[in-house]
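Notes follow once the structure below has been shown.
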Amino acid sequence: MEDDIAISVKNVSKTFKLPHEKNTSIKSAFVNFYKRDKGYEEQEALKDISFDIKKGEFFGVVGRNGSGKSTLLKILAGIYSPNTGSVQVNGKLIPFIELGVGFSPELSGRDNVFLNGSLLGFSRKEMKEMYDDIVKFAEIERFMDQKLKNYSSGMQVRLAFSIAIRAKSEILLIDEVLAVGDAAFQTKCFDYFYELKKTDTTVIFVSHDRGSLERFCERGILIEEGKMIESGTIQEVLRSYSDIVFKELDQASEAQTEAEGEARPINKQGKVEYAHIDKVSTYDEKGNLKKNFQFGEKISLEFTVNIKRKIENPIIGVTVWCKNVDKAVYANNTLIDGIKDTGVFLAGEKIILKLSLPKLLNDGEYYIEPAIANESASTFYDQKIKAATFFISGSSNPHSIISGTDKLKLEVLKKGDATKQS
Amino acid sequence: MFKRILSKQNRVLLSELVRTDFKLRYQDSVLGYAWSLLRPLLIFIILYIVFVKFLKVGAGTPHYAQYLLFGIVIWNFFLEMTLQSLGSIVGRGDLIRKIRIPRWIIVLSSSFSAVINFLLNLVIIAIFMAIGHIVPSHLVILLPLIFLEVYLFALGISFFLSAAFVKYRDISYIWEVIIQAGFYITPILYPLSRITNVTFQKLLILNPMAQALQDARYVLITKKTLISNHIFNGGWHQFIPYSIVALVLIIGISYFRKQSKYFGENI
């Protein structure tokens, strides 16, 4: 293996035997032997995966739930052994598949610190030196002599995390479990990741959170149904990832539209239906159907409206939701923008409306919610929740949802010696 | 290979796991560690009343009380170690599924907590020997080797059982029955000399536990103990028990090694 490679994975495949009935008694083993029934189904979790991870790299493993990424991580960690192929690890490796591995609820917090530390490779002496720091960082000094079962789950996670980040290892495997927890905890996690990036630690990061992947990783691979379908820079990987997610979404929405069947003048709530929004899509500047946009690219949106009854000068609007925070981040309509004469439409007409979105949005995944209402905004004719999704990537500012249009201006207003009283 | 097995990290982990086992065992009990000593003592008192006072099976064997107690202590060590190790891998499934540690450390750690208990019990034996004014023979220096034999025999069985238990949960019931049978075919409660049928006597002493038990009693308690060397008149048959121990250890370790690759997914 070359010196600058931390992990080399070659043609790794893994098949699980899933028993029809759990075959944990000798009787059923005998019975199955005589019946010549295999008693299990084979599931291919990983098929012929090969890649290299360089030393000091922050490497992302991306994939949907059940795609096999956790299986891959467990193989890298040596918990599962591959059926074929090989994994070579160059250096000391610590897996964080889960925080607080080996925590025993019946032991005191103090005992658990030492036990968990030994699993990460620390001697008792080393742990004693770090003990005060760990407890202080976890902010649970008062509880250390209580049994762990009396801790709140937040306290347990904090304790586990503050032990875990002491681990000195050349290679770290981090599963997405680290990214759960409240906002304060996530901030701590991200601080820790930034620290890791500064050191020479190789980190393999498994997640499906675009934000943190894009923020920390340089390269990555995409796994879908056990196969590696993309490997390269994290941007490339994330783009292919959203492609497969979209394909799925499209199929789901098509199926839904078919199921809804023919247009009915009375909608589900029993109200008289005036208009029905159908088929919402996003386009780029050149008019190409598109869902993955670069930051700063012009995004326009088109939707078809089937008119069921005559309507006059309806208000047409759109709301954009940010998926990560599940909040509306932008909303506008023709009334706000002072467009009064939107037109008169007759029953049976099919119209296509086009709106353009402002270039405000930073990296992320967004939902579009188009709506059409009557002239006085007293009745919503139709409103289509999560009608379409689009992604934005490549912003230089991934820390917020929207970008300001003006540049930040810095002025130092006061300068003086802090020790002197002002 | 031994360097890898005894690496600093493995030693730290082993000691930490043994510590945890020990702490958890006497969790929430008022007398705590004292139970390690009290339990064999109380069991001994019961057996003493039944077998020495009422049934008088030990008549003719000097220091039969100590002879009996020593046998029970060694047998209990074997029993405790195999039963604890049997469930050790499954019991530590949370570790095995989530982190890579050498699996054998788990079995070894549960065997060590049995060893600690055994050493504490030997203190009781020493006290009773002092009470009975028993002076061990100079052969007592062989005692650690006999204990080692028992330990290795139990370890081989432990490796096999703990790995098999991952796949077949029936193992625990089967083993409980086997060990109950073992308790009676091993001359623990009765002196081997009371088996008058020579063929039976020879068969019984082929059991490594019987051989080790008799040897240990011979060197520590009384030279009147019937040992395999006497039974076989120094013939080659007396080495059969050792061969069984070696065979069990080899089979146990190799089965464990073969299976341990799949613990992560089978547990």
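The values are calculated or read from the model by the stated rules, or taken from the named source; none is laboratory data. Predicted, not measured: the structure shown is a model, and the values here were computed from it. FYI the Cβ positions are ideal-geometry reconstructions off the backbone, even for glycines, and counts take in every protein chain you see.
Every residue in segment B:1-59 that is loosely packed, with under 15 Cβ neighbours inside 10 Å, in a helix (DSSP H, G or I) and within 14 Å of another protein chain (Cβ to nearest Cβ), please.
Those that are loosely packed, with under 15 Cβ neighbours inside 10 Å, in a helix (DSSP H, G or I) and within 14 Å of another protein chain (Cβ to nearest Cβ): B:Arg4, B:Lys8, B:Arg11, B:Leu24.
In segment A:31-58, which residue that is part of a helix (DSSP H, G or I) and either β-branched (Val, Ile, Thr) or surrounded by 17 or more Cβ atoms within 10 Å (Cβ to Cβ) (or both) is modelled with the highest pLDDT?
A:Val31
Conditions tested, residue by residue: (1) in contact with a Leu (Cβ under 8 Å, 6 or more places away or on another chain); (2) of a type in the set (Phe, Trp, Tyr).
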residue: B:Ala181; (1), (2): no, no
residue: B:Leu189; (1), (2): yes, no
residue: B:Arg194; (1), (2): no, no
residue: B:Leu220; (1), (2): yes, no
residue: B:Gly235; (1), (2): no, no
residue: B:Gln238; (1), (2): no, no
residue: B:Tyr242; (1), (2): no, yes
residue: B:Ser260; (1), (2): no, no
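I'm trying to understand the selection: among the residues of segment A:137-167, which are more than 31 Å from the chain's Cα centre (by Cα), away from every other protein chain (no Cβ under 14 Å) and either under 24 Å from A:Leu196 (Cα atoms) or not in a loop (DSSP other than H, G, I, E, B) (or both)?
A:Glu141, A:Arg142, A:Phe143
For segment B:93-123, name all the residues that are without any contact (Cβ under 8 Å) to a residue 60 or more places away in the chain and assigned to a loop (DSSP other than H, G, I, E, B).
Passing the criteria: B:Ile99, B:Arg100.
Quick one: count up the residues across segment A:1-30 that are assigned to a loop (DSSP other than H, G, I, E, B), away from chain B (no Cβ under 14 Å) and at pLDDT 65 or above.
4
Looking only at segment A:104-121, how many residues end up being modelled with pLDDT of 85 or more, more than 7 Å from chain B (Cβ to nearest Cβ) and crowded, with 20+ Cβ neighbours inside 10 Å?
5
Residue by residue, here is whether (1) free of Cβ contacts under 8 Å to residues at least 60 places away in the same chain; (2) among the basic types (Lys, Arg); (3) surrounded by 15 or more Cβ atoms within 10 Å (Cβ to Cβ) holds:
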{"position": "A:Thr282", "(1), (2), (3)": "no, no, yes"}
{"position": "A:Glu302", "(1), (2), (3)": "yes, no, yes"}
{"position": "A:Glu312", "(1), (2), (3)": "no, no, no"}
{"position": "A:Asn333", "(1), (2), (3)": "yes, no, yes"}
{"position": "A:Leu346", "(1), (2), (3)": "yes, no, no"}
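Hand me the list of strands (runs of 3 or more DSSP E) wholly inside segment A:323-416 holding 2 or more residues that are within 30 Å of A:Gln235 (Cβ to Cβ).
A:327-333, A:350-357, A:364-373, A:388-393
Report, by residue number, each residue of segment B:110-131 that is surrounded by 14 or more Cβ atoms within 10 Å (Cβ to Cβ) and farther than 18 Å from B:Leu79 by Cβ.
B:Phe128, B:Met129, listed by residue number.
All but one of (1) assigned to a loop (DSSP other than H, G, I, E, B); (2) within 20 Å of A:Leu148 (Cα to Cα); (3) not hydroxyl-bearing (Ser, Thr, Tyr) hold for A:Met127; state the number of the condition that does not hold.
Of everything listed in (1) assigned to a loop (DSSP other than H, G, I, E, B); (2) within 20 Å of A:Leu148 (Cα to Cα); (3) not hydroxyl-bearing (Ser, Thr, Tyr), A:Met127 misses just condition (1).
Are there any pairs, at least 6 apart or on different chains, whose C-beta atoms fall under 7 Å, with the first in segment B:150-169 and within 14 Å of another protein chain (Cβ to nearest Cβ) and the second of a type outside the set (D, E, K, R) and part of a loop (DSSP other than H, G, I, E, B), and if so, which?
B:Phe165/B:Gly87; B:Val166/B:Ile267; B:Lys167/A:Thr24; B:Tyr168/A:Thr24; B:Tyr168/A:Ser25; B:Arg169/A:Thr24; B:Arg169/A:Ser25
Report yes if B:Phe239 is away from chain A (no Cβ under 14 Å), under 30 Å from B:Thr61 (Cβ atoms) and loosely packed, with under 15 Cβ neighbours inside 10 Å, otherwise no.
So B:Phe239 passes the test.
Tell me yes or no: at least one residue of segment B:32-44 is among the small types (Gly, Ala, Ser) and at pLDDT below 80.
yes
Given the criterion touching a Ser or Thr at 6+ places or on another chain (Cβ under 7 Å), more than 14 Å from every other protein chain (Cβ to nearest Cβ), of a type outside the set (Asp, Glu) and within 29 Å of B:Lys53 (Cβ to Cβ), identify the matching residue among B:Asn121, B:Asn117.
One residue alone meets the criteria, B:Asn117.
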